[in-house]
Structure formats: C-alpha cells, structure tokens
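Worksheet: the structure to be examined is printed underneath.
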Number of protein chains: 6
Amino acid sequence: MPTSMVLPIKKVFALVDSRITVEIKDEDRKFQGRLISVDEYLNIHMDETIELIGDERGRSLGTVVIRGNNILTISPVI
Amino acid sequence: MPTSMVLPIKKVFALVDSRITVEIKDEDRKFQGRLISVDEYLNIHMDETIELIGDERGRSLGTVVIRGNNILTISPVI
Amino acid sequence: MPTSMVLPIKKVFALVDSRITVEIKDEDRKFQGRLISVDEYLNIHMDETIELIGDERGRSLGTVVIRGNNILTISPVI
Amino acid sequence: MPTSMVLPIKKVFALVDSRITVEIKDEDRKFQGRLISVDEYLNIHMDETIELIGDERGRSLGTVVIRGNNILTISPVI
Amino acid sequence: MPTSMVLPIKKVFALVDSRITVEIKDEDRKFQGRLISVDEYLNIHMDETIELIGDERGRSLGTVVIRGNNILTISPVI
Amino acid sequence: MPTSMVLPIKKVFALVDSRITVEIKDEDRKFQGRLISVDEYLNIHMDETIELIGDERGRSLGTVVIRGNNILTISPVI
C-alpha cells in the first residue's frame, strides 16, 4: 500500500463531530446525524439522528449505533 | 484513530442491563429486550425479548442470541 | 469490555446438547435440533434437525452444519 | 470453549471424499457433489457437482469452488 | 500463493487518482468518480462522485466513502 | 485440518492465466474472463471479461476487480 495514502477510514475519522449522511444497503433510507465515533469496521455511533426516506424527513431516532457491514456509503452533509 | 474517541462498541457496552431496540437488516421487524451481553462483533445476548412488527408488539421470545452482522442498528429504549 | 460480562457466545456454548431453534436471515424458515457444537463464528453443528416453515413442521434434515453469518438468532427450545 | 467439543468445521472435514449437499442462502438451489476440500471459512471445493433446483436435477457443473459466506448449510448425502 | 502474483488489491491501488466505476451489489446503480484511497477491505474513498442509474447520469455526490463488502466490482473508466 | 488436503483457494490459484466463470450471488449474471490474480478472500482480478446474462453474452467489461464476498462460485471454463 503506498505509504503516503490516507486511508478511507481516516476520511471518516475526520468527520467526527460533524453531520454525516449514512446510506443503508438495499434500503431507500438514510440516517443523518452527528458522528460521535467510528471504528475500523466502520461501525458508527451517531446522535441527533434523523431518518430520511428517499429525500423526506422521517422519524427522529436520537442515539444509534449502526453496524458497519450494512452501511453502503458515508458522506459529509454539505 | 484519535485516542480520545470512545468507540461505538463502548456505547453498546454502556447499555448492558438496560432495555435496547435492535433493528434487523432488511426486515420490518425489531427486537426489544434487556441487553445481557455484547461482544466485539456486536453479537447480542438479550432476555425478556419481544418482537416488534413495524410498531406493533409481536411474540415474546425470551432469551435470544442475535448474530451481529445481521443487525442494522442498536439504540436505547427511551 | 467489562471483564465480568459473560459473552453471547458463552450463552450458546451453554446450550450444547440441548435443543435449539436457529432462525435464518431473510427466510420464513427455522431449524430446530440438538446442538452438537458451535465455534466463535457461531457456525453450528446440529443433529436431529427439522425444518420449521413459519410454525409448521417441514422436512427432517438430520445432521447439518449451518454457516454462522446466515443465522439471525439462536434460542433455547423451551 | 469446552475443550472436549469437536468444532463444526471438523464435522465438515470428516465429509471430505464423500458426497455432500450444499444449500445456498436465499436461493431455491443446492449443489450436490463430492467434497474435495474445505477451509476455515467453509469455502468448498467440490467435483462431480450437480445443481438441484428445488428437488429436481439441474445442470452438471463439474468442478466448482463455492465461497463460504454464501453457503447456508452443508450436510452429508445419505 | 505464487509469490510472483500481483494481488487484486494492488490493481486497485494502481487506480488511485484516476476515475473508476464502482458497481454496487444488488443495485442497478453505480458510482463513478476519482479514487482517492482504498484499503485492504476494498473500502473506497472517492470524490467528484456521480451516480449512474443503469447507464444514465444521476445525482452528483461529491465525496463519499463506500463500504467494501457492498461493492461488486471496481474497474477503470476507459 | 488434514495436512494433506489442498485448500479450495489453491484450486483457484491453479486457474491463474486460464479462463474462469464467476457466478455472482443473487444475480442471474456471470462474469467470464481470464484470471489475473486472486487473494485469500477470493477477491478476483480478471481481464478480457464479458458478462453473461443467463447464458447469453452481454457487455464486454475488460478489466475488473470483483469483491470476493459477493462471489458464489468460481469454476474453470471447459
């Protein structure tokens, strides 16, 4: 692995404390919230989490831990 | 990994002995019960478990062990 | 991890030689049988296995090894 | 782990050179053939493999390697 | 493993800084963008990412991290 | 593990430089091409790849890297 490359996980670490969108595999559903922590498996701890069904706001979920393997994408809320 | 960050798994450890909701991937079904133990794979041992179909109460399941990779989210029952 | 916590896998070890129900992910099907052995991945070796379709008895399967990642839940037959 | 327990994988090792049925997750399809080798992930190398669609014989596949995580069950052909 | 073989992951490392297409498992959707980094699990960090629905251009997604296990294929944009 | 057993992965290593068929989990789609390299996760690097939809030839894909966990079977083209 090229030693100068910043790994994907580091990109996610850099998003701690900011708002992120987590897209779930095989579901028309996303979670949006503040990233509290993330580990090497991309398990995610978020708070102030809301559900997005398509692009519409769904339930408020508060604190959730999401299992990394079921996550499709993680991206910053712009 | 920032050394000061509390990992997602630690958030779940902190929920041992309290009631949690476990949302299953790809199913309109949740498990709600008391968290007995959890390991690094997010395998969960719960008791007093009930099934929720959508938001309606389903069967009482008692003691179950849930395989971590099939879990979408874990959250505290508020 | 709190050192006093008994891990989920230990709960399953405690079920060796007794009858268990194994619920499969994404299928309306369960396996019921006597637990012969289990490993850290929750791979399961059962014998005297029968299939349950919903709650109706299906085929007798005898000896089967079930891949852990496709298991949703393991629970004791009460 | 109880030291006297024979692990699930050992049950599969014991089937090398005999005919097995491999049930695939989420598919109404099985593979039946002679087990050549298996590893710790339950990856399977079979030859003289035939496909079973439900209980009807399908195509002859000859030599195949099957990825362990997509296997639901492995059992001896009786 | 033959020592002279260049591993699949190395092929992906060689695509860093160039445009790639990432095909998602079970979805009629692809991501196309510039590969920023990749790790041993094939987790991908891309920017200038666009979605392709079938072969039509969908939304612009900017920066995304994609969980490796949900990726079916990675290929260079020719 | 019986020490004399040749592991499944070795069977795949032996196919490097020859044409293989890769069957994808849950899809009526296969990839056929020349195997360039494979690693312990069964990640595959192929070139001269074509898609097969059922048994009909689909698109030419050229060079692709396929994530191992989404592969159902690997077999030699006879």
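The values are calculated or read from the model by the stated rules, or taken from the named source; none is laboratory data. Source: prediction; values computed, not measured. Note: ideal-geometry Cβ built from the backbone for every residue, glycine included; neighbour counts use all protein chains shown. Surface areas here come from the heavy atoms of the whole protein model, side chains and all, with no ligands, DNA or RNA. Shrake-Rupley method; radii C 1.70, N 1.55, O 1.52, S 1.80 Å.
Miscellaneous remarks
- Chain C, rotation onto B, residue closest to that axis via Cβ, with its distance in Å: C:N69, 5
- Separation of the alpha carbons by more than 24 angstrom is noted, of A:K30/C:K30; E:K11/F:K10; A:K30/E:K25; C:K10/D:K11; D:K30/F:K25; B:K25/E:K11, for A:K30/C:K30; B:K25/E:K11.
- Per residue of F:35-41, other chain Cβ atoms within 10 Å of the residue Cβ number 6 on average.
- Here the protein assembly as shown is assigned +1 on the Cβ of each Lys and Arg and -1 on the Cβ of each Asp and Glu. Its dipole about the Cα centre then comes out at about 760 debye.
- Prolate/oblate/rounded label for the protein assembly as shown (Cα gyration tensor, a/c 1.5): oblate
- Starting from the label point of E:A14 at 7 Å along Cα→Cβ, the same points in the other copies fall at 2.7, 2.7, 4.7, 4.7, 5.4 nm, in ascending order.
- Peptide A:20-30, shielding by other chains (average Cβ, 10 Å cutoff): 3
- Mean separation of Cα pairs under 8 Å and 6 or more residues apart, divided by the residue count, gives chain E a relative contact order of 29 percent.
- Taking the label point 7 Å along Cα→Cβ, F:D55 and its counterparts in the other copies are spaced 2.6, 2.6, 4.6, 4.6, 5.3 nm apart, in ascending order.
- Between chain E and chain F, the total buried accessible area stands at approximately 1900 Å², from heavy atoms with a 1.4 Å probe.
- Solvent-accessible area, 1.4 Å probe, carbon plus sulfur percent, for segment B:10-76: 45
- Packing-based ranking, highest mean first, of B:43-49, D:72-78 given that Cβ atoms within 10 Å are counted: B:43-49, D:72-78
- Take each residue of peptide A:44-51, count the partner chain Cβ atoms within 10 Å of its Cβ, and average: the result is 2.
- In the context of the full set of protein chains, residues of the protein assembly as shown present 43 Å² of accessible surface per residue (probe radius 1.4 Å, heavy atoms only).
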